[in-house]
Amino acid sequence: MKFENTIPLSDALINNNYKIVDNPNQKYFELGLYNGSEVYIFKTNDRNLVIAVGASRYIIPKKVAKHIMVIRSEYPPL
């Protein structure tokens, strides 16, 4: 399925919600990063993202996040 306005998770802006539309990395499915899940961006730096998936918080390397495609969510930040 194609979505307009997709960006890599690594380019996501802080204090915003995003919906995952494509995650080719099976390892991160266990963290709840599967297609259709909502993530909130807490913090970014040169190497990592701090994100929320539901009530859980994770640090994701930007090297991994660049392969996870997202769209901006309609929902307000958590």
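FYI, it's all coordinate maths here, none of it is from the lab. Just so you know, these numbers come straight off a predicted model, no measurement behind them. Please note: Cβ atoms are built from the backbone with ideal geometry, for glycine as well, and neighbour counts cover all protein chains shown.
Tabulated results
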item	result
Count of residues meeting criterion [of a type in the set (S, T, N, Q) and closer than 16 Å to K19 by Cα] in the stretch 35-55	2
Residue that is surrounded by the fewest Cβ atoms within 10 Å (Cβ to Cβ) [pool: residues in the stretch 30-78 that are of a type in the set (A, V, I, L, M, F, W, C) and over 12 Å from the mean Cα position of the chain (by Cα)]	A55
All positions within the stretch 1-60 that are among the β-branched types (V, I, T), touching a residue at least 24 places away in the same chain (Cβ under 8 Å) and farther than 16 Å from I71 by Cβ	I14, T44, I60
Count of residues meeting criterion [within 10 Å of the chain's Cα centre (by Cα) and among the charged types (D, E, K, R)] in the stretch 3-21	2
In the stretch 26-78, the residues that are in a strand (DSSP E or B) and closer than 15 Å to I7 by Cα	E38, V39, Y40, I41, L49, M69, V70, I71, R72
